[in-house]
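To keep things clear, I will list the structure first and then write my remarks on it.
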Amino acid sequence: MGKFRSYLFLAFRSAWNRRFTLFLVVLSISLSTVLLVGIERLKGQARAGFVGAISGTDLVVGARGSSIQLILYAVYHLGGATNNMSWESAMMIKNNPLVSWTIPFSMGDSHRGYPVVATSEDFFIHFRYRSGSSLKLRAGREFSDIFEVVLGSEVAARLKYSVGNEIVLSHGATGTGPLHSDKPFVVVGILEPTASPIDRSLYINLESMEAIHVDWRGGAPIRGFQVSAENVRKFDLSPKVITAMLVGLENRRQVFALQREIQEYRGEALSAVMPGVALDQLWGLMGNWERVLMVVSLLVTFTGLAGLMSTILAGLGERRRELAILRSTGASPLDITIIMSLEGLMLTLSGIVLGVIILVGLILAASPYLLNNYGFYLSLGPPTKMEWLIMGGIAVLGLLTSLLPAIRAYFLSLSDGLAPTT
Amino acid sequence: MVDMAISSSADDSPGLTAQLPPAVSLTGITFAWPSGEPVLDDFSLELKACGKLLITGASGSGKSTLLSLMSGILKPQKGTVSIVGKEISSLSNFKRDRFRGDNIGYIFQQFNLVPYLSSLENVLIPLRFSSLRRKRVLQDNKGLSERAKELLERLSIGPSLWHRPASKLSVGQQQRVAAARALIGRPPLLIADEPTSALDKEIGLVFLRLLLKECEEASLSLVFVSHDESFASEFSQRLSLRRVETPLDS
Ligand SMILES: Nc1ncnc2c1ncn2[C@@H]1O[C@H](COP(=O)(O)OP(=O)(O)O)[C@@H](O)[C@H]1O
Ligand SMILES: [Mg+2]
């Protein structure tokens, strides 16, 4: 019968006795938790996800235009298509002595809503995501010929494809365009999950991209001109243009030098974007929304805490007799104060726990949607330091808020003495 | 201001109890409410260890006020209050609270119990706040809830009622549970403020006898307030408070 356990016992039993009234308080605190922690998680993971998806890349090069648009389209397959850059420029950059490796990307087609990315074998060799992980195949092998496709893990899982299946690509990014049904692809490999946009993409080589478009012009098949899948090999399938190129440097410190060199290239108007800088710009744009959300959730939190205080205060009237009874059995006014603040703390903590449970449910429910529409993984996993801090902050505020009714109870029980008011 | 009549029965034998300090010793107590209403004026009273005091008097005559002074809830404007040899009128609020928790068991007219706790849990509450009372139970080589059950049983609260919420007990049962709670951990002084007023006369007498028997058994002193003068024969010492008309009244 330790003192603290007795406090807990009495506070808990009293609160449990009034659980139906108090549930609303717990619910509003859980709502605050969901908002504050949820926003923090969304923010943190969106950022980590975006940055992680391109962690090994020093520059993204494409036709001149908005750097944010280039990054979003080339790396995350979001937003509108950018202009193409020529293969000659790409080769020029690849052969620059400062450059260690390049990965060309050519985009525009899709398969059942998932983007198709044409690239080279260098993609499998040089691409790094998160802290330096390289791509691994879960099944099959890399593409080595035209009409071979390697699937991102989610594409394979969602569409229930396995190695050996034949699939048909459709023209355009929306998945509603005309089909390239005369030139089916065979699945030769499936990638391991990466928790990045790669999982939602299909990879073919650059020659395949040329091959399915030899008999197309300007987004539509050329009338009266059709090349079969067998005959297409007789054409020159070497790439002419690409959408963008990821560049890795020999020495990261020379990134500014190379960037300037590419921007000033006279053969073609190019952009060379440092991913981190572009993402910072992007975050700058989203910062206002973030602030609005924060203010709203803080308001919700204060409303919740005000509810906590007023509910405990309102209950105090009914509890005067109960408190007097405790006094007559040996509780001091200080004991009463501690029991009352513990009640507030318990309510707040239950609210936080309930909030976390709701949040876990929400994340589980929302992460497929976020992944499909915004291309980032909202994952579970232990709270970050900042999230702990937020939850601790709510708990401390809850405790402080319940101190007022507790202090009032102190003075009430001083003046009531042992006489239970009837 | 009150007029008092203190009487003691003759068979008070000076035994072992004579060496113990008096259970209650009030000397020269003057008390008036902040509203100015005087209740006691130069009032003295002594109840020896293991004594049984009955306080009677009309409603408003100051019985509850006197009990509050004895238990240290109220402080007299003048005079000293000693309980089992300890002068509590000079203690700090905090120490007085502690002292009361350790040494005084309290029973009220009604609403004694925390309604949502079981009888057993109610009886155990004093042990949560007073380590001294806890120690006294353990000194008797008893488990805490073992002792609580024993007390309940002795006060005719059978096992079927132990886990029932207090709110689901009859008033008579509630008073007996309250008595068990006041008795647990052998506080040397028991104060009962009209504990039988809400009971039928028969049941009230049974309750009083049970309480007296337990006090005897555990060598506790009892201060018992009742407006029922017919209980007088059960007590060793009696005090009758009568409200004296003050100039304000006339
Ligand atoms: N908390 C209080 N504040 C002011 N006056 C009080 C208070 N409690 C009791 N009184 C007054 O003190 C007098 C004695 O009351 P009380 O001790 O309750 O009498 P009893 O218990 O004999 O009925 C009454 O006149 C009552 O009005
Ligand atoms: Mg009274």
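The residues of the stretch B:54-94 that are more than 9 Å from ligand 1 (Cβ to nearest atom), open to solvent by less than 20 Å² (accessible area, probe 1.4 Å) and either of a type in the set (D, E, K, R) or assigned to a strand (DSSP E or B) (or both), listed by number, are B:Leu54, B:Thr56, B:Val81, B:Ile83. Residue under question is B:Gly143, and the condition is that it be farther than 23 Å from B:Gly204 by Cβ, among the small types (Gly, Ala, Ser), without any contact (Cβ under 8 Å) to a residue 12 or more places away in the chain and open to solvent by 20 Å² or more (accessible area, probe 1.4 Å); does it hold? Spelling it out, B:Gly143 is indeed farther than 23 Å from B:Gly204 by Cβ, among the small types (Gly, Ala, Ser), without any contact (Cβ under 8 Å) to a residue 12 or more places away in the chain and open to solvent by 20 Å² or more (accessible area, probe 1.4 Å). Going by the conditions given, is A:Arg41 of a type outside the set (Val, Ile, Thr) and assigned by TED's automatic domain parsing to the domain that holds A:Val356? The answer is yes for A:Arg41.
If you filter the stretch A:129-187 down to residues that are among the hydroxyl-bearing types (Ser, Thr, Tyr) and closer than 23 Å to A:Tyr73 by Cα, you find that the one that is surrounded by the most Cβ atoms within 10 Å (Cβ to Cβ) is A:Tyr129.
Among the residues of the stretch A:128-163, just one is more than 22 Å from the chain's Cα centre (by Cα) and assigned to a helix (DSSP H, G or I), namely A:Leu159. Among the residues making up the stretch A:256-281, those that are surrounded by 17 or more Cβ atoms within 10 Å (Cβ to Cβ), of a type in the set (A, V, I, L, M) and assigned to a helix (DSSP H, G or I) are A:Leu258, A:Ile262, A:Ala278, A:Leu279.
Check whether at least one residue in the stretch A:354-365 is open to solvent by 40 Å² or more (accessible area, probe 1.4 Å), at pLDDT 90 or above and either more than 24 Å from A:Thr33 (Cα to Cα) or within 14 Å of chain B (Cβ to nearest Cβ) (or both), and report yes or no. Checked against the condition, which is being open to solvent by 40 Å² or more (accessible area, probe 1.4 Å), at pLDDT 90 or above and either more than 24 Å from A:Thr33 (Cα to Cα) or within 14 Å of chain B (Cβ to nearest Cβ) (or both), the stretch A:354-365 yields no hits at all. Looking across the stretch A:332-353, not a single residue is of a type in the set (A, V, I, L, M, F, W, C), within 12 Å of chain B (Cβ to nearest Cβ) and without any contact (Cβ under 8 Å) to a residue 60 or more places away in the chain. Here B:Lys135 fulfils each of the conditions (1) in a helix (DSSP H, G or I); (2) under 18 Å from B:Ala178 (Cβ atoms); (3) open to solvent by 10 Å² or more (accessible area, probe 1.4 Å) apart from (2). A:Ser379 meets each of the listed conditions (1) modelled with pLDDT of 90 or more; (2) more than 14 Å from every other protein chain (Cβ to nearest Cβ) apart from (1). Scanning the stretch B:98-120 for residues that are in a helix (DSSP H, G or I), surrounded by fewer than 23 Cβ atoms within 10 Å (Cβ to Cβ) and facing chain A (nearest Cβ under 8 Å) yields a total of 2. Residues considered: A:Leu293, A:Leu316. Of these, the only one that is more than 14 Å from chain B (Cβ to nearest Cβ), in a helix (DSSP H, G or I) and open to solvent by 30 Å² or more (accessible area, probe 1.4 Å) is A:Leu293.
One line per residue, one yes/no per condition, for (1) acidic (Asp, Glu); (2) away from ligand 1 (no atom under 16 Å from the Cβ):
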site	(1), (2)
B:Gln173	no, yes
B:Ala182	no, yes
B:Ile191	no, no
B:Thr196	no, no
B:Phe207	no, yes
B:Glu217	yes, yes
B:Glu234	yes, yes
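With respect to the conditions (1) within 16 Å of ligand 2 (Cβ to nearest atom); (2) of a type in the set (A, V, I, L, M); (3) surrounded by fewer than 19 Cβ atoms within 10 Å (Cβ to Cβ), B:Val223 lacks only one, and its number is (3). Against the criterion of being away from ligand 1 (no atom under 15 Å from the Cβ) and surrounded by fewer than 23 Cβ atoms within 10 Å (Cβ to Cβ), B:Glu229 does not qualify. If you filter the stretch B:121-133 down to residues that are of a type in the set (A, V, I, L, M) and more than 7 Å from every other protein chain (Cβ to nearest Cβ), you find that the one that is nearest to the chain's Cα centre (by Cα) is B:Val123.
Table: residues versus (1) in a helix (DSSP H, G or I); (2) touching a strand residue (DSSP E or B) at 6+ places or on another chain (Cβ under 7 Å); (3) within 14 Å of another protein chain (Cβ to nearest Cβ); (4) crowded, with 18+ Cβ neighbours inside 10 Å.
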residue: A:Leu10; (1), (2), (3), (4): yes, no, yes, yes
residue: A:Leu24; (1), (2), (3), (4): yes, no, no, no
residue: A:Thr33; (1), (2), (3), (4): yes, no, no, yes
residue: A:Gly62; (1), (2), (3), (4): no, yes, no, yes
residue: A:Leu72; (1), (2), (3), (4): yes, no, no, yes
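Close contacts from the stretch B:215-240, counting a first residue that is of a type in the set (Ser, Thr, Tyr) and a second that is in a strand (DSSP E or B) and open to solvent by 20 Å² or more (accessible area, probe 1.4 Å), with Cβ to Cβ under 8 Å and a gap of 6+ residues or different chains, come to B:Ser236/B:Ser8; B:Ser240/B:Met4; B:Ser240/B:Ala5.
Residues that are out of contact with any Ser or Thr (no Cβ under 8 Å at 6 or more places or on another chain) and open to solvent by less than 20 Å² (accessible area, probe 1.4 Å): does the stretch B:162-171 have at least one? Scanning the stretch B:162-171 turns up no residue that is out of contact with any Ser or Thr (no Cβ under 8 Å at 6 or more places or on another chain) and open to solvent by less than 20 Å² (accessible area, probe 1.4 Å). Which one is modelled with the lowest pLDDT, of the residues in the stretch B:95-110 that are of a type outside the set (Phe, Trp, Tyr) and within 16 Å of ligand 1 (Cβ to nearest atom)? So, considering only residues that are of a type outside the set (Phe, Trp, Tyr) and within 16 Å of ligand 1 (Cβ to nearest atom), the one modelled with the lowest pLDDT is B:Gln110. Consider the stretch B:55-72 and keep the residues that are within 11 Å of chain A (Cβ to nearest Cβ) and over 12 Å from B:Ser89 (Cβ atoms). The one that is farthest from ligand 2 (Cβ to nearest atom) is B:Ser68.
The values are calculated or read from the model by the stated rules, or taken from the named source; none is laboratory data. The structure presented is a predicted model; accordingly, all values stated were derived computationally and were not measured. Glycine also receives a Cβ, built like all others from the backbone with ideal geometry; neighbour counts cover every protein chain displayed. Remember, those area values only see protein heavy atoms, side chains included, never the ligands or the DNA or RNA. Shrake-Rupley method; radii C 1.70, N 1.55, O 1.52, S 1.80 Å.
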